[in-house]
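Trainee: Below is a structure I'd like to ask you about.
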Amino acid sequence: MIMLFEHIGKSYVETVLDWYLHSSCRVTFRALEKAKEQDAKGEPEYLYLQNIKVAVSIIHLLNAYINTALIPLASSSLTIRRDMTNYCTTNISALEKKVNSIFQIVYESNPSLCSLF
């Protein structure tokens with residue numbers, strides 16, 4: 001399970017989320033500029049969030065696989081099962097916090113947030 005989180009969770013998903021967190025101010029600013037050029041009644045373009053959707057899907061699949069396949073294998077040892085559950089919860093929560101931070105920045109859509117990074 002640790003290898004699964006290291007390879008999928010940290011190598012791919014966390015890297016993509018970190019990149020979005022550090023570049024989201026520039027992306028949001030460009031999106032705001034495009035939105036000003038668009039029709040005011042039209043939908044804003046959020047095409048740059050497609051990779052976030054993929055990352056959220058991977059997080060969900062990772063969590064579902066661990067809860068349905070790996071944790072039941074440890075049912076004979078309550079200590080190992082508890083440790084696996086805690087490790088999974090901690091890592092999934094960390095990834096979800098990054099996703100929430102990205103959406104918060106996009107929601108606020110304030111270019112002055114760039115000074116935070």
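Each reported figure results from applying straightforward, stated rules to the coordinates on display, with no laboratory input. This is a predicted model, so every value here is computed, not measured. Positions of Cβ are generated from backbone atoms using ideal geometry, with glycine treated the same way; all protein chains shown enter the neighbour counts.
Trainee: Give a residue-ordered list of calculated ³J(HN,Hα) values for segment 8-16 (Karplus: 6.51 cos²θ - 1.76 cosθ + 1.60, θ = phi - 60°; whole Hz; x for Gly, Pro).
Mentor: So the Karplus estimates, Gly and Pro as x, are 8, x, 8, 5, 10, 5, 5, 5, 5 Hz.
Trainee: Still on this structure: By how many nm would the segment from Val54 to Thr68 grow when fully extended, if each residue of separation counts as 0.36 nm and the alpha-carbon distance is taken off?
Mentor: Value of the extension gain: 3.0 nm.
Trainee: What FRET efficiency do you get for Ser101 and Ser76 if R0 is 41 Å and r is their Cβ-Cβ distance, rounded to the nearest 0.05?
Mentor: On the way: r = 38 Å, r/R0 = 0.94.
Efficiency, rounded to the nearest 0.05: 0.60.
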